[in-house]
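Quick notes on the structure that follows.
The values are calculated or read from the model by the stated rules, or taken from the named source; none is laboratory data. All figures in this text were calculated on a predicted structure; none of them were measured in a lab. Cβ atoms come from the backbone with ideal geometry, glycine included; neighbour counts cover every protein chain shown. Side chains included, ligands, DNA and RNA excluded: accessible areas come from the protein's heavy atoms. Shrake-Rupley method; radii C 1.70, N 1.55, O 1.52, S 1.80 Å.
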Amino acid sequence: MEVYDVRLKRHGKRKADIRFIIDVLLLFRPGIIKPTEGYRTLNNYGMLKSYVRTAVRNLKKNWVYSGINVVGLVVSLTSCLLIALYVNHELSYDKFFPDADRIYKLVVKRKYPGQSTDYSTVGHSWAKIMEHDFPEVEKTTRLFDPFLVYSSKQVVITIRTSDHELKTFEENFFNEADSSFLDFFGVELIKGDRKTALSRPDQIILSQTTAKRYFGKDDPIGKIVDGDMGEFTVAGVFKDIPENSHMKIDLLSSLGGQRFRQRLDPEDFTWFMSHTYVKLKPGADVKALEAKFPKMVDRYAGAQLEHELGQSWERYKNTGNGYFYRLQPLRSIHLDPTHLEFTLTPGESSIFIQVLTLIAILIVSIACINFVNLSTARSMERAREVGVRKVMGGRRSQLILQFLTEAILISLVAVILTTVVVVLLLPYFNDLVARQLRFVLNAQMIFGLIGLALLVGVLAGFYPAITLSSFSPIMAMKSKLSTSGKGLLFRNGLVLFQFAVAIVLIAGTIVVTRQTNFMRNKDLGFDKEQVLMVKRANDLGQQMETFLSEVRQINGVESAAATSSIVGNRADVWWQKFKVAGSTEILTTLSMMYDDSFADLIGLTLSGGRMFAKQTNDARYVIVNEAAAKIIGLENPIGKKLSGVNEGIDGKITITDFTILGVVRNFHFQSLHDVISPLVIFNAESRVLPNAYVAVRIHDNATTRVIGSVETLWKKFVPGQPFNYDLLDNFLNHLYEREELSRKTFTIFSTLAIIIACVGVFGLSAYSANLRTKEIGIRKVLGSSVVQIFILLSKGLAKLVILAFVVATPPILDDREQLAR
């Protein structure tokens with residue numbers, strides 16, 4: 001204690017250490033700490049300063065070693081932090097809504113004979129039933145997607161500005177909702193009365209961004225918005241829904257419009273067009289509530305289907321049909337592993353999030369292992385230092401603290417540099433993952449980073465500190481240290497782990513890349529190249545045939561046709577119920593529609609029968625794919641009858657007979673995420689196309705010129721309507737953007753992990769070479785070549801690589817299965 005009394009006096013004479021004295025004096029404030037404890041704290045404070053000063057001196061002296069460790073940690077911590085920001089963003093979806101833990105979405109698994117499909121939408125009448133029949137339910141609300149109601153995803157909106165100028169906008173996020181929607185989700189209304197904003201007929205509210213885009217600084221309240229869905233009066237402006245939500249809404253209209261009202265008037269439990277949300281009362285048992293759903297289905301959906309189909313509900317279920325409802329937690333919608341049809345926005349793969357999290361952990365682990373390997377590789381260099389400290393009275397605990405201080409100091413430097421690198425790289429990372437992630441350096445983040453530095457420092461420095469402090473002072477001073485079998489086994493185990501991880505990541509990267517290439521290059525069953533798809537062709541009305549005729553006259557156009565679907569787009573096909581002649585069973589298939597020229601334009605192939613032809617009226621004929629022919633159960637379906645079952649707006653059931661004209665070979669009319677389902681194709685002569693496109697096949701090297709000519713023709717036929725198009729191959733590539741982004745993200749971070757792991761090889765090599773310096777010198781003197789010495793030093797690593805491959809093989813096989821899903 002006298003030493004520190006003297007040191008305190010010396011410090012008192014130095015202006016530079018005034019802060020040190022103040023810190024010490026503060027320890028003796030009444031009621032804070034006892035004087036004896038203050039001296040002990042002073043002692044520890046001085047020791048800490050000594051540890052830090054010595055650590056800095058050692059790190060400067062061995063700057064190459066320190067630099068390698070810092071760079072490795074910076075790369076690993078940057079990767080870990082970026083992944084953490086992304087994962088935290090994906091896990092934060094919909095958590096900002098009030099009472100989010102009590103909000104659920106009603107979803108359904110629709111079972112068909114031989115197959116089943118999960119839907120995120122349900123019959124619009126279930127909301128009222130949920131509130132009325134189940135005391136666990138506090139309230140419900142509904143949101144409607146225009147595609148499910150009007151067979152049109154994109155809506156054209158026209159407004160008149162204050163200068164009496166007409167402006168047209170194409171909107172993809174137009175929805176209709178119950179008047180209770182705002183209160184249910186706690187949506188903030190910036191302008192307007194939230195009690196009446198969605199309660200009156202033909203009213204609409206705009207998001208803050210949309211209102212500014214439409215009207216600038218003008219007040220939008222009371223303005224008229226004219227669209228495909230009708231004419232609406234702006235009744236409010238709501239605050240933009242945050243990006244981390246499964247729902248994106250730019251325009252929200254009331255359900256009071258006459259056109260939509262006709263859809264809701266008949267009670268319906270089997271037409272899946274409503275996104276229905278349920279808020280449960282506090283303490284409600286979700287599983288107990290879901291257990292009541294089968295009886296609910298029997299009572300309501302069963303009665304409806306008995307009336308529609310003319311057969312008993314029990315018999316219908318016995319043929320393989322069924323409706324299985326469940327409650328999907330709001331906060332897990334974005335990462336729900338179930339592939340649901342008709343979701344509001346695409347979700348993220350929960351497996352991908354888990355894999356990224358695992359990679360982040362592995363990257364930091366590998367960096368810590370490198371630290372251990374590099375520290376032990378230098379152990380001989382520091383043996384004399386340890387011996388001198390122990391001879392001078394240094395305790396092992398003090399040596400451990402000294403080495404841990406060095407590790408933590410390196411980690412702190414790495415964290416500071418990581419912060420700078422993350423700020424610089426975040427905009428590029430946002431582009432990579434298509435997100436708007438933010439890195440806010442607030443108090444919580446600062447403490448988190450300090451905690452991360454301490455954790456990494458302790459993890460990386462603990463083993464070297466224990467190992468280095470255990471050296472015998474006499475043996476260390478005589479340089480007669482030898483490597484123990486346990487120590488060597490432990491270090492080899494660390495390198496084995498690194499190699500195994502690297503092999504798994506390399507294999508995973510190859511699998512992800514091959515899967516993405518497979519999606520891009522797989523034979524889809526049709527020719528997607530050089531096909532222009534003109535959207536919103538419904539605007540042509542009765543001029544469709546004239547427009548097609550003139551398009552065919554354009555130089556560079558090979559053919560043109562009309563269709564209800566962009567082939568490969570799941571959103572453009574619909575479900576259709578059929579009765580097979582001679583059977584009471586109801587089959588449900590997907591359906592699309594095209595004219596007489598479309599099949600030849602995209603190159604569909606027949607396996608039997610014939611295609612639609614211009615020379616004949618094929619309005620009462622249909623073409624089925626091989627999957628549909630299989631479930632129909634007929635060996636030769638050509639000429640057999642199918643009866644289409646349709647429900648009108650008034651609830652009446654109509655039966656229309658069709659004859660199977662041909663069987664087309666299976667093609668991917670949905671994305672590659674879906675198996676090829678049964679498909680029935682109608683001829684455009686049978687009804688008005690619900691959602692029309694014009695397909696144009698273009699000769700090579702004429703794409704730009706033809707697009708310009710088609711646009712000119714479009715403006716001639718439908719002036720004032722926007723010309724919207726896409727090239728079929730580009731559109732299909734966009735379907736797999738998430739997979740491509742996932743591939744790039746996975747590849748980048750896996751590559752970084754592999755590079756960092758390679759540094760571990762350097763650590764072990766340096767350690768091995770350092771121990772065998774004299775042996776290598778003697779061998780060279782005796783005539784050994786560089787190649788022989790290289791083989792001598794590499795044998796151990798080669799064995800580790802082979803063993804790592806054996807260890808990593810089972811995880812590789814498991815990863816292939818997971819990623820293939």
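With a 1.4 Å probe and all protein chains kept in place, how much accessible area does Phe324 have, in Å² rounded to the nearest 10?
That residue has around 110 Å² of solvent-accessible surface.
How high is the relative contact order of the range 157-215? Use alpha-carbon pairs under 8 Å, at least six apart in sequence, and give a whole percent. Write out the running numbers ahead of the final one.
Details: 31 pairs, mean separation 14.4, N = 59.
The value is 24 percent.
Pull up the cross-link candidates among the aspartates and glutamates for Lys217, meaning alpha carbon to alpha carbon under 14 Å and not fewer than 8 places away within one chain.
Filter leaves Asp163.
Can you compute the label reach from Lys292? Point 7 Å from Cα along the Cβ direction, backbone N cut-off under 19 Å, restricted to the range 104-124.
Within reach of a label on Lys292, which here means backbone N under 19 Å from a point 7 Å along Cα→Cβ, the range 104-124 contributes 104-108, 123.
Students often get this wrong: which residues of the range 536-559 have the backbone nitrogen under 14 Å from the point 7 angstrom along Cα-to-C-beta of Asn701?
556
Using +1 on the beta carbon of Lys and Arg, -1 on that of Asp and Glu, and nothing else charged, what's the dipole of the range 108-257 about the Cα centre, debye to 20?
Details: 19 positive and 24 negative charges, 32 e Å.
Dipole magnitude for the range 108-257 comes out near 160 debye.
Report the net charge of residues surrounding Asp596, where surrounding means a beta-carbon distance below 10 angstrom and charges are Lys +1, Arg +1, Asp -1, Glu -1. It would help to have the intermediate numbers written out before the result.
Details: positive: Lys614; negative: Asp595, Asp600, Asp618, Glu685.
For residues surrounding Asp596, the net value is -3.
Could you order His334, His164, His734 by accessible surface area, starting with the largest, using a probe radius of 1.4 Å? Walk me through the numbers on the way to the answer.
Numbers: His334 10, His164 140, His734 100 Å².
Output order, biggest surface exposure first: His164, His734, His334.
From the backbone phi of the range 339-347, what are the Karplus-calculated ³J(HN,Hα) couplings (6.51 cos²θ - 1.76 cosθ + 1.60, θ = phi - 60°) in whole Hz, Gly and Pro given as x?
Result, rounded to whole Hz: 7, 9, 7, 6, 6, 5, 9, x, x.
Please get the size of the charge dipole for the range 514-650, origin at its Cα centre, with Cβ charges of +1 on Lys and Arg and -1 on Asp and Glu, quoted in debye to the nearest 20. Don't jump to the answer; show the numbers that get you there.
Numbers: 16 positive and 17 negative charges, 86 e Å.
Its charge dipole is roughly 420 debye.
Could you tally the net charge around Val787, taking each other residue with its Cβ under 14 Å from the Cβ of Val787, Lys/Arg +1 and Asp/Glu -1? Mind dumping the intermediate values first?
Working: positive: Arg779, Lys780, Lys795; negative: none.
With Lys, Arg at +1 and Asp, Glu at -1, the net is +3.
Mind listing the long-range amide H neighbours of Trp574? Cut-off is under 5 Å, sequence gap 5 or more, other chains count too, H placed in the peptide plane at 1.01 Å from N.
Here the answer is Ser591, since their amide H atoms fall under 5 Å of that of Trp574.
In nanometres, what is the gap between the two model label sites at Ser116 and Leu803, each 7 Å from Cα along Cα-to-Cβ?
Distance between label points: 4.7 nm.
Enumerate the amide H contacts of Ile190 below 5 Å, restricted to partners 5 or more residues apart or on another chain; note that Pro and chain-start residues carry no placed amide H.
Under 5 Å from the amide H of Ile190: Val237, Phe238, Lys239.
Considering Cα pairs under 8 angstrom that are at least six residues apart, work out the relative contact order of the range 486-601 and quote it in whole percent.
Working: 68 pairs, mean separation 19.4, N = 116.
So the answer I get is 17 percent.
Students often get this wrong, so check it: of Lys95/Lys292; Lys111/Lys317; Lys167/Lys212; Lys111/Lys295; Lys191/Lys212; Lys167/Lys248, which have C-alpha atoms separated by over 19 Å? Intermediate values should be presented prior to the final figure.
Working: Lys95/Lys292 27 Å; Lys111/Lys317 9 Å; Lys167/Lys212 13 Å; Lys111/Lys295 17 Å; Lys191/Lys212 13 Å; Lys167/Lys248 23 Å.
Pairs exceeding 19 Å: Lys95/Lys292; Lys167/Lys248.
State, as an integer percentage, the relative contact order of the range 233-346 based on alpha-carbon contacts under 8 Å between residues 6 or more apart.
Details: 36 pairs, mean separation 42.9, N = 114.
Relative contact order of the range 233-346: 38 percent.
Long-range amide H contacts for Ser125: which residues qualify at under 5 Å (H placed 1.01 Å from N, peptide plane, sequence gap of 5 or more or a different chain)?
Hits under the 5 Å cutoff: Asp268.
Peptides 737-743, 749-755: what's the order by average Cβ count within 10 Å, highest mean first? Intermediate results must be reported in sequence, preceding the final value.
Details: 737-743: 16.7, 749-755: 19.6.
Ranked from most to least packed, the peptides come out as 749-755, 737-743.
Which residue, Ala197, Tyr93, Ile83, has the largest displacement toward the positive end of the dipole of the range 83-232 when charges sit on each Cβ (Lys, Arg +1; Asp, Glu -1)?
Ile83
With a Förster radius of 45 Å, plug the Cβ-Cβ distance of Leu606 and His307 into 1/(1 + (r/R0)^6) and report the FRET value to the nearest 0.05.
Details: r = 39 Å, r/R0 = 0.87.
For Leu606 and His307, the calculated efficiency is 0.70.
Check cross-link reach from Lys528 to the aspartates and glutamates: straight Cα distance under 15 Å, and skip same-chain residues fewer than eight apart.
Qualifying aspartates and glutamates at Cα under 15 Å: Glu558, Asp600, Asp700, Asp726, Asp729.
Can you give me the solvent accessible area of Arg160 with a 1.4 Å probe, rounded to the nearest 10 Å²?
Arg160 has an accessible surface of roughly 120 Å² with all protein chains in place.
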